[in-house]
Amino acid sequence: MSKPLEVVNAVLDAGFEGLGPLCSATGLADEYLADARYANHEARIDSLIHWETGKLFTTGFLSGLGGLLTLPVSLPAGLGVSWAVQARLVGAIARIHGHDVEEDRVRTLTLLAIVGDIGKEVVKQAGIEVSQQLGMRALEAVPKHALGSINRAVGFRLVSKASQKGVVNLSKVVPLAGGLVGGAVDALACRAVGATARRLFSPGPGPLVPVPGMSPG
């Protein structure tokens, strides 16, 4: 398997299955789905993004002090933790909207949510034309091998970012400053990823096939 695919699979697996003390994406979503205090799925997702953003600030602060995240592939701790928690957030949003996090399209859209605005560019570079708004339905006709091309393209982006310097270097010189900067950047990124995931997985016109025992939002 290529390095980019190793990176994206490691990030997705860590996020979806749970990382350290964090439960799985499905477990996180089910906690919100079982909470009757929320009027609808949008309210659940609002709360989810709010709390995960705060959590990522703390995680980013700690990982900004240096070290490596333990994953099948070695990534700078700040980026590895950030991407994994973002993947967990996106997976939970997908689950709340009735999707199975093990489904190939969900994995691909999770990666596209993490890379944000360049997602459409990545899709085009993979040779796939999406005439409608990017989302689950836009990928329905995309064959599995093409989804793999998108995943690999996202992996190249992540590997490139992981090789860049910046906050990691700053943390070596001024650990406290590096942690604060890393935490703030991670929190902002998490909020942006959550907003993108909300758009990608929000059900549009037409029927949506739900996860058994769950009604889509």
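Brief remarks on what is shown
- When segment 6-23 is filtered for residues that are of a type outside the set (A, V, I, L, M, F, W, C) and assigned to a helix (DSSP H, G or I), the ones remaining, listed by number, are Glu6, Asn9, Asp13, Gly15, Glu17.
- Segment 33-52, residues that are without any contact (Cβ under 8 Å) to a residue 40 or more places away in the chain and open to solvent by 70 Å² or more (accessible area, probe 1.4 Å): Ala34, Ala36, Arg37, Ala39, Asp46, His50, Trp51
- Only a single criterion out of (1) surrounded by fewer than 24 Cβ atoms within 10 Å (Cβ to Cβ); (2) at pLDDT 90 or above; (3) within 26 Å of Val154 (Cα to Cα); (4) among the hydrophobic types (A, V, I, L, M, F, W, C) is not satisfied by Ala77, namely (2).
- Enumeration of residues in segment 24-48 that are within 15 Å of the chain's Cα centre (by Cα) and in a helix (DSSP H, G or I): Ala25, Thr26, Leu28, Ala29, Ile45, Leu48
The values are calculated or read from the model by the stated rules, or taken from the named source; none is laboratory data. No experiment lies behind these values; they were computed from the predicted model shown. As a convention, Cβ positions derive from the backbone with ideal geometry for all residues, glycine included, and neighbour counts pool all protein chains shown. Accessible surface is based on the protein model in full, side chains and every heavy atom, while ligands, DNA and RNA are left aside. Shrake-Rupley method; radii C 1.70, N 1.55, O 1.52, S 1.80 Å.
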